[in-house]
Amino acid sequence: MNLSNRAFQLSTTDSFGYDVHRTDPLYKHIPLLINATPEGCVATFSTSRSRGFYSVGCEMDGLWGPYKYYRQDYDGLEEYLIVGRTLREVVKTYADLIGYPLLVPRWAFGYIAGGMKYSMLDSPPAVDALMELAEKFKKHDIPCSGFQLSSGYTVAETEPKTRNVFTWNRHRFPDPAAFFAAYRKQGIRVIANVKPYVLTNHPEYQRLAEARALFTDPRKSSTAQSRLWSVGGGESGVGSHIDFTSEAGFAWWYTNIRALRQVGVELPWNDNHEYIMPDDNWLCKLDIPLLKADEKQRRDARVGLWGRALNCELMGKSSHDALVDLEPDRRPFVLTRSATPGTLRYCASSWSGDNVTNWSSMKGSTALSLTAGMCLMQCYGHDIGGFEGPQPSPELLLRWVHSGCYSQRFAINCYKTNKADNKVGDVIEPWTYPDILPGVRRALKRRYEMIPYLYSLALESHLIACPPQRWVGWGYEEDPEVWTETLLDGETQYWLGDALLFGGVFEPGATSARMYLPRRDEHDPGYVNVNPPYQHFEAGQWVDVEAVWYGSGIPVLAKVGSAIPVGKNVQVQSPGETDGNPADLPEDDYRGVEIFPPKGASGRTFETSWLEDDGIAAQPAISRFIVRYESTEEKITAAFEADRTNKWKPLWEDLDIVLPVGDARNVTSQSETGVTLVEQRETGQRVWRLKAIW
């Protein structure tokens, strides 16, 4: 997160197995640089899609001292200056400029499984292996909401057995529609990998070339070709990228995305669209109406001038538009690996790409998440356990699962290089290590339980652009300690919303984490550890927080006076779902609120609100719910209300108030409604049911 005294290329690459601390560049093209200080923030944002370069204070002038500069290869300089008192203000203004984060369907906050191996299998056929996988989820009591179907489903059955986008390997998937329907009955939606290029042996290659749907090489006056990933790890073949500035290319993609959705694919997974093309002088077609390019502009159609990243953006739009036109009342959902600021108008989710399995990669992933959030990639995550590299140790995997369960996107997807078979590879499964399976299961069930909180943060980001995961100084800018180098790197701790402060453990064998507890003012109520030994901490100090890897996982501290909404710890049916309930999922008809009161008298009333909607609609009614509470030495008094402007009513009616472990106080109501003690959990938490007033 702290980029001081470093230099960066503004270009994109397919960075397989990157080093999170050293590899440059990665997958995204977002020329946004924020200078954040205790006195205020200034951001520069360039709208160019051209390649560029940032030097951030690593240049020196004898008269002026260290300085920063920005350079781009082509195009005029169009740069915005954004000024704000805080990072929150700058990010909000940036969203006013480029657009707010898109709505994400509620189901997508569950566990998303994956792994290249499954779709690459011929014996047993991939479809049989995948149905067996779904049964294993049930057997091991692991909730799963989605599956990332890698591109093995497009590999040709006959030589040359290469990936041919929008085709089906009928040996591996004899009846795609039947498979997708069967997976939906298991509660699992399929996310299909799609790549924006065709090898010369693709059945549609010649037709696309003749339609000028591919780039042109002016030196040869023919279709531009380069080497592209073909089948196994590191294997390539000759082919061409789809030119999305071409009406023929844009329409071909749009038509095929619609066809995938109609056969049962839930959403496209836009992949390998960094447009790593070797020649700036290749020509775009520039004839889609969206570009409004006049005759003069079309005379200089070089891809270097227009920017390779433009095609990533238009690919997102083509995928998005296909879904919207097919189902206009359902929110479109596109997963994207590469992105420009404009891409985020069409793609609702992203991740950090092909990370590697090691402790350093897990540590650096937090800073990537915080940076992504400020760039408005706010449904963002990482491949848990690492995409490339060796299998994680049991300790590393469980730590990573605990950490990933609190991100907006939780996915385990990988290609573990296997020397015996370069085309298939190995996978990480939740039950890879039986000894840690109970811990993995508990963490995943806790994630599902917390979806109301995660989803509320996503709705908030859609409305006001506030990232769900936030730098430790977010909202605590007056605390000088948050500006120290240790906390500016964004690697060791972060906020999830306003309520939960997370730490990390990034060394094998470690049993605690060093954390700083930011302080707002002299009246700051402090923090409570939600894991053993459940102690309270004063704000404004560094503390060592116990975190045994096979026990509580990672440090989680709750802000005293805060609250988080929770639901069932299993996959539930989104209230607005229109295609029935083929998996017979339970309804989303329970809501609790975990509150974190002071140990004694509060001296004031604490208030928390959260947002909900139907989880599906393109233009939903979003409702706000409010819980208030105050405490004395003997009791806690709580109240609940629904905002009077609410237009959407959930399925749940009463509200459970969940106290911290060891809090034995009674709960009473501020209104005339009754309060009943309904549960004493094994954890030591007492649960009181508050009759709601609607």
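Among 302, 331, which is the only one that is surrounded by fewer than 18 Cβ atoms within 10 Å (Cβ to Cβ) and charged (D, E, K, R)?
Every option except 302 fails the conditions.
Considering (1) under 25 Å from the mean Cα position of the chain (by Cα); (2) without any contact (Cβ under 8 Å) to a residue 24 or more places away in the chain, say which one residue 124 fails and leave the rest.
Of the numbered conditions (1) under 25 Å from the mean Cα position of the chain (by Cα); (2) without any contact (Cβ under 8 Å) to a residue 24 or more places away in the chain, the odd one out for residue 124 is (1).
Return yes or no: is residue 670 surrounded by 15 or more Cβ atoms within 10 Å (Cβ to Cβ) and more than 26 Å from residue 575 (Cβ to Cβ)?
Values: surrounded by 15 or more Cβ atoms within 10 Å (Cβ to Cβ): yes; more than 26 Å from residue 575 (Cβ to Cβ): yes.
For residue 670, the condition - surrounded by 15 or more Cβ atoms within 10 Å (Cβ to Cβ) and more than 26 Å from residue 575 (Cβ to Cβ) - is met.
Being under 30 Å from residue 412 (Cβ atoms), modelled with pLDDT of 95 or more and among the basic types (Lys, Arg) narrows it down to one residue among 106, 85, 22; which is it?
106
Picking from 589, 584, 656, 579, which residue would you name as being closer than 30 Å to residue 143 by Cα, at pLDDT below 95 and under 34 Å from the mean Cα position of the chain (by Cα)?
Of 589, 584, 656, 579, the one residue that is closer than 30 Å to residue 143 by Cα, at pLDDT below 95 and under 34 Å from the mean Cα position of the chain (by Cα) is 579.
Residue by residue, here is whether (1) in contact (Cβ under 8 Å) with a residue 40 or more places away in the chain; (2) among the basic types (Lys, Arg) holds:
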position	(1), (2)
625	yes, no
629	yes, no
666	no, no
671	no, no
689	no, yes
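Any residue that is buried (at least 20 other Cβ atoms within 10 Å of the Cβ) and not in a loop (DSSP other than H, G, I, E, B) - is there at least one of those in segment 533-540?
Within segment 533-540, the subset buried (at least 20 other Cβ atoms within 10 Å of the Cβ) is 539.
The next check asks that each one be not in a loop (DSSP other than H, G, I, E, B); those that pass are none.
No, segment 533-540 contains no residue that is buried (at least 20 other Cβ atoms within 10 Å of the Cβ) and not in a loop (DSSP other than H, G, I, E, B).
(1) among the small types (Gly, Ala, Ser); (2) on the phi < 0 side of the Ramachandran plot; (3) modelled with pLDDT under 95: which one isn't true of residue 617, the others all being true?
Single failed check for residue 617: (3).
Tell me which residues, restricted to segment 92-123, are touching a Leu at 6+ places or on another chain (Cβ under 8 Å), under 13 Å from residue 466 (Cα atoms) and either in a helix (DSSP H, G or I) or among the acidic types (Asp, Glu) (or both).
Residues satisfying the conditions are 94, 95.
I need the full set of residues from segment 463-480 which are buried (at least 18 other Cβ atoms within 10 Å of the Cβ) and at negative phi, in order please.
Across segment 463-480, the qualifying residues are 466, 467, 468, 469, 470, 471, 472, 473, 474, 476, 477, 479.
With respect to residue 119, is the statement that it is at negative phi and touching a Ser or Thr at 6+ places or on another chain (Cβ under 7 Å) true?
Yes, satisfied.
What is the residue count in segment 658-680 for residues that are of a type in the set (Ser, Thr, Tyr) and either under 24 Å from residue 530 (Cβ atoms) or in a strand (DSSP E or B) (or both)? Walk me through it before giving the result.
The initial filter retains those residues of segment 658-680 that are of a type in the set (Ser, Thr, Tyr), namely 668-669, 671, 673, 676.
So of that shortlist, the ones also either under 24 Å from residue 530 (Cβ atoms) or in a strand (DSSP E or B) (or both) come out as 668-669, 676.
Residues flagged as of a type in the set (Ser, Thr, Tyr) and either under 24 Å from residue 530 (Cβ atoms) or in a strand (DSSP E or B) (or both) within segment 658-680 amount to 3.
Does any residue of segment 639-657 turn out to be in contact with a Ser or Thr (Cβ under 8 Å, 6 or more places away or on another chain) and part of a strand (DSSP E or B)? Let's see the steps before the verdict.
If we filter segment 639-657 for residues that are in contact with a Ser or Thr (Cβ under 8 Å, 6 or more places away or on another chain), which is where we start, we get 639, 642-643, 646-650.
Still in the list and also part of a strand (DSSP E or B): 639, 642.
Yes, segment 639-657 contains a residue that is in contact with a Ser or Thr (Cβ under 8 Å, 6 or more places away or on another chain) and part of a strand (DSSP E or B).
Go through (1) surrounded by fewer than 24 Cβ atoms within 10 Å (Cβ to Cβ); (2) within 22 Å of residue 14 (Cα to Cα); (3) more than 24 Å from the chain's Cα centre (by Cα) for residue 272 and report which single condition fails.
For residue 272, the failing item is (3).
Have a look at 335, 314 and point out the one that is at pLDDT 95 or above, farther than 26 Å from residue 615 by Cα and of a type in the set (A, V, I, L, M). Working first, answer last.
Values: 335 fails: farther than 26 Å from residue 615 by Cα.
Step by step, each of 335, 314 is checked, and only 314 is at pLDDT 95 or above, farther than 26 Å from residue 615 by Cα and of a type in the set (A, V, I, L, M).
When you look at residue 245, is it in a helix (DSSP H, G or I) and hydroxyl-bearing (Ser, Thr, Tyr), yes or no? Please lay out each step first, then the result.
Details: in a helix (DSSP H, G or I): no; hydroxyl-bearing (Ser, Thr, Tyr): yes.
Taking the combined requirement at face value, the residue does not satisfy it.
Taking segment 74-85, which residues are surrounded by 16 or more Cβ atoms within 10 Å (Cβ to Cβ) and over 27 Å from residue 307 (Cβ atoms)? Walk me through how you get there before you give the answer.
Looking only at segment 74-85, we keep the residues that are surrounded by 16 or more Cβ atoms within 10 Å (Cβ to Cβ), and these are 74-75, 82, 84.
84, the sole residue that qualifies.
I'd like the full set of residues that are buried (at least 21 other Cβ atoms within 10 Å of the Cβ) and over 27 Å from residue 574 (Cα atoms), limited to segment 99-126.
To start, the set of residues in segment 99-126 that are buried (at least 21 other Cβ atoms within 10 Å of the Cβ) comprises 101-120, 126.
Matches in segment 99-126: 116, 117, 118, 119, 120, 126.
Select the helices (runs of 4 or more DSSP H) contained entirely in segment 260-348, then report the ones holding at least 3 residues which are within 29 Å of residue 147 (Cα to Cα) and either in contact with a strand residue (DSSP E or B) (Cβ under 8 Å, 6 or more places away or on another chain) or among the hydroxyl-bearing types (Ser, Thr, Tyr) (or both). Spell out the reasoning first.
On the way: elements: 295-298, 303-306, 309-326.
Here the list reads 309-326.
Take the residues of segment 385-412 that are out of contact with any Leu (no Cβ under 6 Å at 6 or more places or on another chain) and either small (Gly, Ala, Ser) or at positive phi (or both): which is surrounded by the fewest Cβ atoms within 10 Å (Cβ to Cβ)? Break it down into steps so the answer makes sense when it comes.
Narrowing segment 385-412 to residues out of contact with any Leu (no Cβ under 6 Å at 6 or more places or on another chain): 386-405, 407-412.
If we keep only those that are either small (Gly, Ala, Ser) or at positive phi (or both) as well, we get 386, 389, 393, 403-404, 407, 411.
Details: 386: 26, 389: 18, 393: 14, 403: 25, 404: 24, 407: 25, 411: 23.
The selected residue is 393.
With the structure loaded, tell me whether residue 220 is surrounded by fewer than 18 Cβ atoms within 10 Å (Cβ to Cβ), out of contact with any helix residue (DSSP H, G or I) (no Cβ under 8 Å at 6 or more places or on another chain) and closer than 30 Å to residue 439 by Cβ or whether it fails that test.
Working: surrounded by fewer than 18 Cβ atoms within 10 Å (Cβ to Cβ): yes; out of contact with any helix residue (DSSP H, G or I) (no Cβ under 8 Å at 6 or more places or on another chain): yes; closer than 30 Å to residue 439 by Cβ: no.
No.
Please enumerate the residues belonging to segment 139-164 that are more than 25 Å from the chain's Cα centre (by Cα) and either in a loop (DSSP other than H, G, I, E, B) or under 26 Å from residue 111 (Cβ atoms) (or both). Even if it seems obvious, please write down each step before you answer.
Step one: filter segment 139-164 for residues more than 25 Å from the chain's Cα centre (by Cα), giving 139-140, 154-164.
If the condition is that a residue be more than 25 Å from the chain's Cα centre (by Cα) and either in a loop (DSSP other than H, G, I, E, B) or under 26 Å from residue 111 (Cβ atoms) (or both), then 139, 140, 154, 156, 157, 158, 159, 160, 161, 162, 164 are the ones that fit.
The values are calculated or read from the model by the stated rules, or taken from the named source; none is laboratory data. Since the structure is predicted, the reported quantities are computational estimates derived from the model, not experimental observations. Neighbour counts are summed over all protein chains in view; Cβ atoms, including those assigned to glycine, are modelled from backbone coordinates with ideal geometry.
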